[in-house]
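To start, the structure under review is shown below, and the notes come after it.
Please treat every number below as a calculation from the coordinates, not as lab data. Just so it is clear, the model here is predicted, and its values are computed rather than measured. As a convention, Cβ positions derive from the backbone with ideal geometry for all residues, glycine included, and neighbour counts pool all protein chains shown.
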Amino acid sequence: MTDTITFGQEISNLLHAAEGEPLKTCIQCGTCSGTCPVAGYMDNSPRQIIALINLGKKEQVLESNTFWYCASCYHCTVRCPQEINITELMYALKRYSIWKNRYKEGLIGPTFSEAFVKMIVRGGRSFEPVLATSYIFSFNTREFVQEIQGATELLLKGRLPLLPARIKRLENFRRMIGRIIPMGGLE
Amino acid sequence: MDKKDEKEKIGVYVCHCGTNIAGVINVEEVSTWAAENLKDQGVVISREYKFMCSSLGQELIQKDIKELGLTRVVVAACSPHLHEKTFRNACKGAGLNPYLCELVSIREQDSWVHTDKVAATEKAKAIISGGVSRVVYHEALEPLHVPIHPATLVVGGGIAGIQAALEIADAGFPVYLVEREPSIGGHMAQFDKTFPTLDCSACILTPKMVDAGNHPNITLLTYSEVEKVDGYVGSFVATIRKRARSLREADCTGCGICWEKCPKKVVDDVFEAGMGNRKAIYVPFPQAVPKYPVIDRVNCTYYIKGTCKACEKFCPTNCIDFAQQDEILTVEVGNVILATGWDLFDTRRITQYGYGRLPNVFTSLEFERMSNSAGPTGGNVVLRDGKTEPKVVGIVHCVGSRDKNYNEYCSSICCMQSLKFAHLVKEKTGAEVYNFYIDIRTPAKGYEEFYHRLLEEGTHFIRGKVAEISDATRLPSEEGKLVIQVEDTLTGNQLRVPVDMAILSAGLEPRHDSKALAKLFGISCSADGWLIERHPKLDPIATMTDGIYIAGCVQGPKDIPASVAQGAAAAARVMGKIQQKEIALEPVRATIHEEQCSGCRICNNLCPFNAILFHEDRMVSEVNPALCQGCGTCVAGCPAGAITGTGFSNEQILSQINGLLLLNVPKKQAVAA
């Protein structure tokens with residue numbers, strides 16, 4: 001009947017294995033943010049992100065760095081007293097952000113995620129030398145040098161392959177991926 | 001059957017219920033249809049009226065019964081839940097057996113759930129037709145009268161049970177007060193102060209305990225448990241195991257020499273919550289009622305090694321009896337009050353709070369004992385080492401409550417309990433106190449004022465559920481302390497608060513054996529394990545089984561004033577029942593036809609009210625009519641079809657279905673309708 005759905009509903013629809021709008025059940029207790037090991041780097045804590053979504057503050061949510069800093073440790077999800085899958089929410093926000101091509105300026109997260117997914121779809125495996133060069137130029141000089149140093153050490157120890165690994169039956173794999181994620185502008 | 005020879009005279013009464021029914025259903029049309037088309041069924045009169053349940057409406061029915069000699073009445077109105085009694089009484093007033101009246105619902109089952117007026121009118125006709133076909137097979141029934149035994153069984157000797165027992169005993173009726181522990185008093189006896197007035201718990205409780213112990217009408221059965229309950233409202237028979245105290249109570253003076261001389265120390269996990277020791281022969285606390293000790297046979301050296309007998313040697317009255325056996329008592333009672341209370345949430349389950357691993361994390365009961373001047377530390381608030389006073393204390397709210405991983409419900413007492421702790425810590429040690437809360441819930445007389453008092457005292461309140469308590473330090477200032485990690489949700493900052501002591505304000509849980517208790521007494525408990533009341537608002541005291549009442553935390557978490565109120569209320573209900581001397585029971589019951597019963601016993605376990613007993617000698621089951629609630633479960637379950645429910649016989653049900661399908665109406669009329 002109504003064509004307009006709220007921002008909260010839009011996000012809830014992106015949560016796998018969730019029914020309805022689980023975010024609405026949040027009691028704002030702060031367990032997630034208290035638990036989060038990277039909360040100190042986030043501009044809005046996970047609890048605040050849920051509050052902002054429930055308020056319909058789409059701009060503020062997309063401008064936030066919270067979900068790009070999520071380390072996927074699932075600690076918040078394990079402890080949440082309302083059994084909200086907060087990590088899943090962070091993934092949903094990443095996908096939404098990429099999908100709408102709207103994210104905070106100056107973040108590594110979106111560029112990296114996009115490069116990573118593209119690489120997997122093309123070759124079926126992650127290949128660090130190519131992956132690194134796809135985002136490394138957005139770094140400043142100091143970070144750039146640090147990355148190169150790290151890579152060299154890994155290379156000397158034989159932990160960094162020189163040739164990309166490919167998988168068998170890549171076409172089948174791509175078809176499979178195509179079913180899981182709508183590739184949109186990826187390829 | 002003589003039904004065919006002599007036709008019943010049926011009156012049909014259709015109610016408008018203002019516009020509740022008449023707004024959707026064409027009541028006049030339904031009424032005339034019934035008069036014309038159900039003539040063959042025996043309908044002699046059909047009327048409609050604005051409010052059938054009003055006195056005028058009832059008089060209408062009564063007049064017809066007298067003048068037309070009606071033998072059956074069908075009222076089409078609201079649900080039987082609401083007015084079945086009204087119309088049955090109306091029939092009774094006019095000399096017709098009340099069970100020959102049938103109330104069919106055309107409001108809840110028709111007008112309230114449909115918008116199509118034509119279809120709803122047709123449905124109303126079908127419903128009435130079903131009722132008319134059914135009522136023919138109704139039988140005149142008489143309610144069962146059973147006498148009420150004046151004694152009452154109160155299970156659980158906490159404050160709710162004590163209150164209930166005292167009220168009934170003061171009214172002059174005998175009470176059996178059964179308590180599992182060696183002394184009555186329950187959890188309240190463990191507490192130091194009671195919120196919000198901070199009066200000493202023992203000072204207000206012990207007089208009541210002594211009253212209960214001395215009351216001529218109360219038979220105190222401590223260290224005892226109810227093992228079996230038979231019977232029904234008015235005449236229950238309870239089997240109680242009185243565990244051996246290993247001493248002759250008649251000779252014991254409670255002088256205390258035995259537990260002074262006993263060489264065996266045992267950690268007291270029950271009364272002292274693991275904070276202190278007791279002896280193998282002990283009274284839980286000095287004010288215990290009764291004053292007699294018990295020998296804990298699991299830990300007593302004599303029962304382990306066969307020697308010692310120190311208590312026996314020193315006992316001045318020679319009352320120790322190592323060979324004493326458990327006693328089995330059977331008591332007859334008319335009513336039962338269950339007041340078995342609660343267990344503390346096991347805080348070990350929340351591993352991130354570190355209880356059991358970090359020594360200076362305490363549970364709420366441990367703190368109660370610690371701050372009690374009669375407790376193991378003499379009322380000093382100290383760390384686990386027994387001497388250091390804490391300088392900073394964190395109190396964690398909602399531990400095991402309001403959390404779907406543990407218990408979803410709010411334990412309702414923890415906020416006030418935590419505020420009380422904060423006050424006591426500040427008073428006794430002058431420490432900085434942090435309260436970590438999600439919401440402060442202080443909804444009772446004087447509670448909010450107590451919260452304000454705490455705010456004025458300078459206690460810190462941080463709104464956020466504690467994420468974890470750890471001894472892993474990051475900063476020099478955290479060295480040697482416990483760090484409470486939490487988000488202050490009001491400012492959005494993640495905090496690490498170093499404290500010396502953390503108190504977990506743990507929630508209340510149903511007794512670990514509450515499901516077994518419910519089964520024993522034939523009542524039901526919720527998925528959580530709290531016993532279910534008859535009505536959550538209008539009858540939180542009775543249960544669905546007549547004669548069994550609940551009081552205190554066994555029904556759900558509540559504080560002392562509410563437990564006392566519920567205990568007294570349960571007592572009032574019981575006294576009302578006793579005063580009536582006998583009770584009339586609904587005659588809607590199941591009966592088993594002995595000659596058809598194969599003795600398979602399927603029905604025995606199906607019955608939710610323990611109403612079916614099995615005769616081993618004749619190999620047949622029998623329904624106890626006073627216990628049976630007429631639910632019909634056994635009727636449906638019997639593979640031999642040997643059970644019939646009064647008021648729900650096969651004839652009644654099948655003829656009602658025929659009526660609903662309009663099979664009783666001549667074909668062409670049915671189509672026309």
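For the pair A:Arg175 and B:Phe322, label points projected 7 Å from Cα toward Cβ lie 8.4 nm apart.
When the P(r) of the protein assembly as shown is calculated, the portion above 50 Å amounts to 44% of the C-alpha pairs.
In terms of other Cβ atoms within 10 Å, B:Trp112, B:Trp342 run from fewest to most in the order B:Trp112, B:Trp342.
Ignoring everything except DSSP H segments at least 4 long, calculate the 222 nm mean residue ellipticity for chain B; use -39,500 (n - 2.57) per segment, divide by total residues, nearest 500.
Numbers: 18 runs with 190 residues, N = 673.
Mean residue ellipticity, 222 nm, calculated: -8500 deg cm²/dmol.
Computed from point charges on the beta carbon alone (+1 for Lys and Arg, -1 for Asp and Glu), the dipole magnitude for chain B about its Cα centre is near 480 Debye.
Mean partner shielding of peptide B:463-473, defined as the number of other chain Cβ atoms within 10 Å of each residue Cβ, is 4.
When a/c is below 1.5 the answer is rounded, else prolate if a/b is larger than b/c, else oblate, so apply that to the stretch A:19-76 with a ≥ b ≥ c taken from the square roots of the Cα gyration tensor eigenvalues. Note, shape of the stretch A:19-76 comes out oblate. For the stretch B:190-288, the tally of Lys pairs with Cα-Cα distances below 16 Å comes to 4, considering only residues 8 or more apart or on different chains.
If you take every DSSP beta bridge fully contained in the stretch B:344-508, what fraction is antiparallel? Give it as a percent rounded to 5.
If I count the DSSP bridges inside the stretch B:344-508, around 40 percent turn out antiparallel.
A straight Cα-to-Cα reach below 12 Å connects A:Lys58 with the aspartates and glutamates A:Glu10, residues fewer than 8 places away in its own chain not being considered.
Computed on chain B, with alpha-carbon pairs under 8 angstrom and 6+ residues apart, the relative contact order is 14 percent. The alpha-carbon atoms of chain A define a convex hull whose volume equals 157 cubic angstrom per residue.
Tally the DSSP beta bridges in the protein assembly as shown and give the antiparallel ones as a percent, rounded to 5. If I count the DSSP bridges inside the protein assembly as shown, around 50 percent turn out antiparallel.
Peptide B:474-487 shows a mean partner chain C-beta count of 2 within 10 Å per residue C-beta. With a Cα cut-off of under 20 Å and a minimum spacing of 8 residues unless on different chains, the lysine pairs in the stretch B:344-508 number 13. Each Lys and Arg Cβ is given +1 and each Asp and Glu Cβ -1; about its Cα centre, the protein assembly as shown then shows a dipole of about 2020 debye. The H on the amide N of B:Leu144, modeled in the peptide plane, is under 5 Å from the matching H of B:Leu585, each at least 5 residues off or on a different chain.
Near B:Ile337, the amide H atoms lying under 5 Å from its own belong to B:Leu153, B:Val154, B:Val155, B:Tyr549; only residues 5 or more places off or on other chains count, and H is placed 1.01 Å from N. Per residue of A:18-27, other chain Cβ atoms within 10 Å of the residue Cβ number 1 on average.
Anisotropy class assigned to the stretch B:153-203 is oblate, per the alpha carbon gyration tensor with a/c at or over the 1.5 cut-off and a/b no larger than b/c. Placing +1 on the Cβ of every Lys and Arg and -1 on the Cβ of every Asp and Glu, with no other charges, gives the stretch B:587-646 a dipole of roughly 200 debye about its Cα centre. Sorted ascending by nearby beta carbons within 10 Å, beginning with the fewest, B:Ile184, B:Ile438 become B:Ile438, B:Ile184. 3J(HN,Hα) along the stretch B:157-165, derived from phi through the Karplus expression 6.51 cos²θ - 1.76 cosθ + 1.60 where θ = phi - 60°, amounts to x, x, 5, 5, x, 4, 4, 4, 4 Hz, with x in place of Gly and Pro. Annotation: the antiparallel percentage among DSSP beta bridges lying fully within chain B is about 50. Spatial offset of the stretch B:622-641 relative to the stretch B:122-168 amounts to 16 Å, using the alpha carbon center of each. Across the stretch B:25-38, computed HN-Hα scalar couplings (Karplus, 6.51 cos²θ - 1.76 cosθ + 1.60, θ = phi - 60°) run 9, 7, 5, 4, 4, 4, 5, 5, 4, 5, 4, 7, 8, 9 Hz from first to last residue, x flagging Gly and Pro.
Distances between placed amide hydrogens fall under 5 Å for B:Glu102 paired with B:Val73, B:Val74, B:Val75, all partners being 5 or more residues away or on another chain. Sorting B:Met501, A:Met90, B:Met209 from the fewest to the most surrounding beta carbons within 10 angstrom yields A:Met90, B:Met209, B:Met501.
Taking a temperature of 20 °C and a viscosity of 1.002 mPa s, what whole-number D in µm²/s does Stokes-Einstein yield for chain B with Rh from Kirkwood over alpha carbon pairs?
For the chosen part, D equals 73 µm²/s.
Once both labels are positioned 7 Å from their Cα atoms along Cα-to-Cβ, the gap between A:Val117 and B:Gln109 label points is 5.6 nm.
Name the aspartates and glutamates eligible as straight-distance cross-link partners of B:Lys309: C-alpha to C-alpha under 14 Å, and not fewer than 8 places from it in the same chain. Those aspartates and glutamates meeting the cut-off are B:Glu260, B:Asp296, B:Asp321. Shape call for the stretch A:83-177 from the C-alpha gyration tensor, a ≥ b ≥ c root eigenvalues: rounded (a/c under 1.5), prolate (a/b greater than b/c) or oblate? Cα axes put the stretch A:83-177 in the oblate bin. Using the Cβ-Cβ distance between B:Asp471 and A:Leu107 with R0 = 41 Å, the FRET efficiency computed as 1/(1 + (r/R0)^6) comes to roughly 0.70.
Can you give the calculated 222 nm mean residue ellipticity of chain A, where each DSSP H run of n ≥ 4 adds -39,500 (n - 2.57) and the sum is split over every residue, rounded to the nearest 500 deg cm²/dmol?
Details: 11 runs with 101 residues, N = 187.
Value at 222 nm, helices only, nearest 500: -15500 deg cm²/dmol.
Extending 7 Å from Cα along the Cβ direction at B:Leu198 and again at B:Ser235 yields two label points whose distance is 5.7 nm.
Each residue of the stretch B:93-98 was assigned a 3J(HN,Hα) from its phi angle through the Karplus expression (A = 6.51, B = -1.76, C = 1.60, θ = phi - 60°), giving x, 9, x, 9, 4, x Hz with x at Gly and Pro.
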